[in-house]
Amino acid sequence: MDISEIIIAGDTPGVEWRLPVFRFKGTKPEAPRTYIQAALHANELPGTALLHFLLERLRQAESEGGILGDITVVPQANPIGAAQAHFGELQGRFDLGTRTNFNRDFPLIALGERPSLVENIDRHSAVDRLKRHLLSMALGAELVLDLHCDDEGLQYAYVDETFWPEASDLAAALDMQAVFLSDGESSAFEEAVAHAWKHESAGERRTSLPGRLSVTVELRGTRDVYPEMARKDAEGLYRFLAGRGVVAAENHPLPAFGVVAPLDNIEIIRAPEAGAILFHRDVGESVKAGELLATIIARPGMADGALEVRAPQDGLIVTRVSTRFARRRADLMKIACGEPSRAVRKPGTLEA
Ligand SMILES: [Zn+2]
């Protein structure tokens, strides 16, 4: 294993950022190359914990000659976001200087243009340099995993339809309870990677990418950071890598996984008015159309001050907000359903 650091000059005097990168060299040139990062949203730590244990497992595999394909791991991909403590809270999702989501605005380039990402990199701000380094590393691999988590949530993933159903091995290995099939139309990290592959050379647009995978994994909620969970997820990810021939291991049959829903079938439940949120139902529960999900106390003490929020159709509650105060139209839950939602949605992932 080789550990190096990418050094990114800050945008103000006296500041620089250090990004540790772990690299394992594979023994089989034909084995897939893998890139895994965590905590691009710097306040989402389940992936960082997972990778701590996965790296331990990979070091052990290396000592036994079990690393077949090259593996690059960045356990904490966003030192800039990790440093943004603001009024006592970590603000790891948006760059405070530009208000840009750290998981948006990745350059959408063709794979052949990969060297341009880090050419004359001094022309870019620190955040853009970080994004370019991360994307450049990812584009050297065939399997790319971006580890995130939700606010409160089940184990699930956004998977570009291009990679489905081939990616069902990852869903099974990580014991996912839901998979959201997306259309790959945004500038999120996973989609910038897939965009480059789809446009490998100029004028090309590939609709199938066998043997490749770029995915955003949502490792439950921000507070789901525990030793047993992280070890279990690390073992799951190791099983996935073994199945893809990246590491040597006896192949155990993978378990079944949960529901698969296109993004059109995700009901985003919103607060009708501002108020205190009283949830009646939790993530992981199945609900029927019309069932009470939450009460919003919009006007405390008034006879008509409480509003009911009900399920628009049958489904599985995949995520829920952790705050208990809602602004008008704020998201409360995402429910994976059997039928398309009647609400309109923007293209791309649902704020991964
Ligand atoms: Zn995230």
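The values are calculated or read from the model by the stated rules, or taken from the named source; none is laboratory data. What you are looking at is a predicted structure, and each value in this text was computed from that prediction instead of being measured. Because the Cβ atoms are built from the backbone with ideal geometry, glycine has one as well, and the counts that use them run over all protein chains shown. Ligands, DNA and RNA are stripped out before the accessible areas are found, and what is left, the full protein with its side chains, is counted by its heavy atoms. Shrake-Rupley method; radii C 1.70, N 1.55, O 1.52, S 1.80 Å.
Can you tell me which residues in the range 196-220 are under 20 Å from residue 36 (Cβ atoms) and either open to solvent by less than 10 Å² (accessible area, probe 1.4 Å) or touching a helix residue (DSSP H, G or I) at 6+ places or on another chain (Cβ under 9 Å) (or both)?
Selection gives 196, 197, 209, 212, 213, 214, 215, 216, 217, 218, 219, 220.
Would you mind stating whether residue 69 is more than 21 Å from the chain's Cα centre (by Cα) and not charged (D, E, K, R)?
Yes; evaluated as a whole, the condition is true for this residue.
Tell me, which residue of the range 159-194 that is under 16 Å from residue 333 (Cα atoms) and of a type outside the set (A, V, I, L, M) is nearest to the ligand (Cβ to nearest atom)?
Result: 180.
Which of (1) modelled with pLDDT of 95 or more; (2) open to solvent by 10 Å² or more (accessible area, probe 1.4 Å) does residue 253 not meet, given it meets every other one?
Only one criterion is unmet by residue 253, namely (1).
Which residues, counting only those in the range 2-14, are more than 25 Å from the chain's Cα centre (by Cα) and touching a residue at least 24 places away in the same chain (Cβ under 8 Å)?
Answer for the range 2-14, where residues must be more than 25 Å from the chain's Cα centre (by Cα) and touching a residue at least 24 places away in the same chain (Cβ under 8 Å): 9, 10, 11.
Looking only at the range 110-123, count how many residues are part of a loop (DSSP other than H, G, I, E, B) and either open to solvent by 40 Å² or more (accessible area, probe 1.4 Å) or among the basic types (Lys, Arg) (or both).
Counting residues in the range 110-123 that are part of a loop (DSSP other than H, G, I, E, B) and either open to solvent by 40 Å² or more (accessible area, probe 1.4 Å) or among the basic types (Lys, Arg) (or both) gives 3.
With respect to residue 46, is the statement that it is open to solvent by 50 Å² or more (accessible area, probe 1.4 Å) and either out of contact with any Pro (no Cβ under 8 Å at 6 or more places or on another chain) or of a type in the set (Ser, Thr, Tyr) (or both) true?
no
Suppose we keep only residues that are charged (D, E, K, R) and more than 26 Å from residue 106 (Cα to Cα) within the range 38-71. Which one would you say is farthest from the ligand (Cβ to nearest atom)?
Here the answer is 64.
Would it be correct to say that residue 21 is under 23 Å from the mean Cα position of the chain (by Cα) and either surrounded by fewer than 21 Cβ atoms within 10 Å (Cβ to Cβ) or within 16 Å of the ligand (Cβ to nearest atom) (or both)?
Considered against the rule, which asks whether it is under 23 Å from the mean Cα position of the chain (by Cα) and either surrounded by fewer than 21 Cβ atoms within 10 Å (Cβ to Cβ) or within 16 Å of the ligand (Cβ to nearest atom) (or both), residue 21 comes out as yes.
Which ones in the range 155-169 are of a type outside the set (S, T, N, Q) and under 13 Å from the mean Cα position of the chain (by Cα)?
Within the range 155-169, 156, 157, 158, 159, 160 meet the criteria.
Given (1) open to solvent by less than 10 Å² (accessible area, probe 1.4 Å); (2) in a helix (DSSP H, G or I); (3) in contact with a strand residue (DSSP E or B) (Cβ under 9 Å, 6 or more places away or on another chain), identify the lone condition not met by residue 149.
Every listed condition holds for residue 149 apart from (2).
Can you name the residue in the range 195-221 that is of a type in the set (A, V, I, L, M) and outside any strand (DSSP E or B) and is also nearest to the ligand (Cβ to nearest atom) among such residues?
My answer is 196.
Is at least one residue of the range 296-311 under 20 Å from residue 223 (Cα atoms), in a loop (DSSP other than H, G, I, E, B) and either open to solvent by less than 60 Å² (accessible area, probe 1.4 Å) or of a type in the set (Ser, Thr, Tyr) (or both)?
No, every residue in the range 296-311 fails to be under 20 Å from residue 223 (Cα atoms), in a loop (DSSP other than H, G, I, E, B) and either open to solvent by less than 60 Å² (accessible area, probe 1.4 Å) or of a type in the set (Ser, Thr, Tyr) (or both).
If a residue must be more than 15 Å from the ligand (Cβ to nearest atom) and open to solvent by less than 80 Å² (accessible area, probe 1.4 Å), how many such residues does the range 89-109 contain?
Selection size over the range 89-109: 3.
Quick check on the range 227-238. Is at least one of its residues open to solvent by 30 Å² or more (accessible area, probe 1.4 Å) and assigned to a loop (DSSP other than H, G, I, E, B)?
Looking through the range 227-238, none of the residues is open to solvent by 30 Å² or more (accessible area, probe 1.4 Å) and assigned to a loop (DSSP other than H, G, I, E, B).
Exactly one of (1) farther than 16 Å from residue 73 by Cα; (2) modelled with pLDDT of 95 or more; (3) more than 19 Å from the chain's Cα centre (by Cα) is unmet by residue 226. Its number?
Against the list (1) farther than 16 Å from residue 73 by Cα; (2) modelled with pLDDT of 95 or more; (3) more than 19 Å from the chain's Cα centre (by Cα), residue 226 comes up short only on (3).
A quick yes/no check of all residues on (1) free of Cβ contacts under 8 Å to residues at least 24 places away in the same chain; (2) closer than 22 Å to residue 55 by Cα; (3) of a type outside the set (A, V, I, L, M, F, W, C):
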| position | (1), (2), (3) |
| --- | --- |
| 147 | no, yes, no |
| 152 | no, no, yes |
| 163 | no, no, no |
| 181 | no, no, no |
| 186 | no, no, yes |
| 195 | no, no, yes |
| 202 | no, no, no |
| 222 | no, yes, yes |
